[in-house]
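Student: Would you mind keeping the following structure in view while I ask a few things?
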Amino acid sequence: MNKPAPSKTGRNDPCPCGSGRKYKACCFQEEAKFQTGSAPNIALWLQLAQQSATRGDYANAEAWFRQVLAVKANDAHALAGMGQTLCWRGKQREGARYLVRAARQLEKQGAKSRDPLQLIELSGQLQHWGEMEAAVQLAKLAVQFAPKSAQAQNNLALALSRVNRVNEALPAAQKACELLPNHPGCQILLAILDFRQGRLAESRERLERVIALDQDTEQTARAWLELGTVLDKLKEYDSAFAALLQAASLHRSLPQYQTANRAHIFDMIAKNKQSFDSDLLQHWSADELRSDGLPSPYFLMGFLRSGTTLTEQVLGAHPQVFASDESRIVFELTEELGRLSGIPHDTAAGLRKVGLAGVLHLRKRYWDRSVEEYGEAVLKKVFVDKNAMNTMELGLISVIFPEAKILFALRDPRDVCLSCFMQAFGSAPVTVNLLAWEGIARQYAAVMDFWLSLRDSITPAYLELRYEDTVTEFEATYRRVFEFLSLEWRPEVVSFHEKAVGRYISTPSFAAVSQPLYSSAVARWTHYAKHFSPIQALLERFIEIFGYKSE
């Protein structure tokens, strides 16, 4: 067996197990026993692994989980913990395999393991990391063991809804609400399912009840947000906007949003805009870097809610394309660059310092991680790396992949802002500003100004793709896209939405892209025209430059 990774806890520090004793007088002794070959203490190793994971020491957690699995290869707790730990370490593909193994082990145990909570927790982990088939199976098993558990029923409804199996999700959601009639989370999920089935009155009634009860600020905020989309569908536009404003106000009052760094994204964009000059952007030629023999990647980016998920689904329906869903690999490259250069949070300065050798290392790292996450298919097909947030790393992409091609998604800025205002975003630095009407416009203006400032200086070829054209002139538009990617048109891409059913799609568009194309989201902003007065000045330049008529 391999020795566990050294703990970050000092000998005289309090033991992380919570015993109150010093580490040297507690778990350190267990580590010493293990290293000298004493009989394994599985329970304690699991405890040490879980405590390491809780405090964010994932390297140590991984080491302890591996020790457990070396002795007890089919321990479901260790398999699940190992999977989650690997996923948080950025090794999502490997981590997902462990999570699925844990799920299969629990399924094999069947009636021997009547712990629905364990099944529900693992099902939730599987959902978070996109392993939906296993998630649904465990959710069903939990309901089988505990049919009167509202938590089990709600978890099953959520899992089924995430893969657009709404008809199957509804009975579970209804049962959860019967068991817990005043629980806001259960009621909101059922309201969302009602909305997706066209039962707008029922959806509205449930959401208004959650709001009236006001048991939990975060849930109440979510209810206001969902009510806004229902009222929009009912064409009660002023009431819809008022509901969205109320949702945003409540979200911003939550502690996690209060402490979020709202300046981060603006500072990052300003630094990149200033630092990536023509000399750096074109410092290494495509011919110079192609000598490494690696494939040429393709990138799909833009601003959030501009149609990137739709295009990713269409591209992915082509047999010669592998399109990723919200890849984080470019972000990981910025972290690797910071490590290599010793200059974190300054991509341009880091690139200048590491030179050609560093750039070649980053190129290899990109493809190593792509294969690790998505398999060998990324090397055999046209790989489209999709993440709207990659726009902020346009300079990095241009420098290390001058031979790349970029699809840049555009949409009427007013529709982009409205669509963002109708979505539930987290408190991360890159999304926290999207909780305010003015904040959305400010972030849109900053990101799109960055694109305009660099697009004519970057080496990669690019094609701007308008969402409105994909909806109104689907075939002609995507024929141009596939020609840009040097691929032949394939008629099966027209049925892209059929392949989306049953698939996990991580963006808020997961429900929309499982339906045939619709045009109701085009010029949606016109119903809210009077509410654009506070942000019109921020958007005007982009409305004109991108060819959208200002009204």
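The values are calculated or read from the model by the stated rules, or taken from the named source; none is laboratory data. Just so it is clear, the structure is predicted and the values come from calculations on it, not from any experiment. Here Cβ is always computed from backbone atoms with ideal geometry, including for glycine, and neighbour counts include all displayed protein chains. Protein only, heavy atoms only, side chains kept; ligands, DNA and RNA dropped before computing areas. Shrake-Rupley method; radii C 1.70, N 1.55, O 1.52, S 1.80 Å.
Student: Quick one: check the C-alpha center-to-center distance for segment 356-380 versus segment 274-337, whole angstrom.
Tutor: 12 Å
Student: Determine, for each peptide in 526-532, 219-225, the mean count of other beta carbons within 10 angstrom over its residues, then list the peptides with the highest first. Walk me through the numbers on the way to the answer.
Tutor: Working: 526-532: 15.9, 219-225: 22.9.
In descending order of packing, they fall as 219-225, 526-532.
Student: Sticking with this structure for a sec: If you average the sequence gap of Cα pairs under 8 Å that are 6 or more apart and divide by the length of segment 278-433, what percent do you get for the contact order?
Tutor: Working: 204 pairs, mean separation 64.8, N = 156.
Across segment 278-433, relative contact order equals 42 percent.
Student: Roughly how many Å² is the accessible area per residue of the chain, as a whole number, for a 1.4 Å probe? Could you put the intermediate results ahead of the total?
Tutor: Numbers: 24000 Å² over 551 residues.
With all protein chains present, the chain gives 44 Å² per residue.
Student: Also, I was wondering about something else. Check which residues have an amide H placed less than 5 Å from Lys386's amide H, if you skip close sequence neighbours.
Tutor: Amide H neighbours of Lys386, under 5 Å, 5+ apart: Leu300, Ser324, Glu326, Ser327.
Student: So for the chain: antiparallel DSSP bridges make up what percent, rounded to the nearest 5? All intermediate terms of the calculation are to be shown ahead of the outcome.
Tutor: Working: 1 of 18 bridges.
Of those bridges, close to 5 percent are antiparallel.
Student: Quick one: Debye curve from the alpha-carbon atoms of segment 411-492 only, equal weights, vacuum; give me log10 I(q)/I(0) at q = 0.20 Å⁻¹ to two decimals.
Tutor: Result of the Debye calculation: -1.00.
Student: Collect residues whose amide H, placed 1.01 Å from N in the peptide plane, falls under 5 Å from the amide H of Leu465; neighbours closer than 5 in sequence don't count.
Tutor: Here the answer is Phe408, Ala409, Leu410, since their amide H atoms fall under 5 Å of that of Leu465.
Student: Right, here's the next one. Note down the accessible area of Lys353, probe 1.4 Å, to the nearest 10 Å².
Tutor: Per-residue accessible area (Lys353): approximately 130 Å².
Student: I've got another one for you. What list of ³J(HN,Hα) values in whole Hz, one per residue of segment 531-539 in order, does the Karplus curve 6.51 cos²θ - 1.76 cosθ + 1.60 (θ = phi - 60°) give from phi, with Gly and Pro shown as x?
Tutor: 7, 8, 3, x, 10, 4, 5, 5, 9
Student: Using mean Cβ contacts within 10 Å as the protection proxy, how do 59-65, 302-308 order, highest first?
Tutor: Values: 59-65: 23.9, 302-308: 26.6.
In descending order of packing, they fall as 302-308, 59-65.
Student: Of the cross-linked pairs Lys271/Lys364; Lys233/Lys271; Lys235/Lys405, which ones have a Cα-Cα span greater than 30 Å in the structure shown? Don't skip to the answer; put the middle values down first.
Tutor: Working: Lys271/Lys364 26 Å; Lys233/Lys271 41 Å; Lys235/Lys405 41 Å.
Those over the limit are Lys233/Lys271; Lys235/Lys405.
Student: How long are the semi-axes of the ellipsoid equivalent to the chain, from square roots of 5 times the Cα gyration tensor eigenvalues, in whole Å, largest first?
Tutor: On the way: eigenvalues 296, 224, 109 Å².
Output for the chain: semi-axes of 38, 33, 23 Å.
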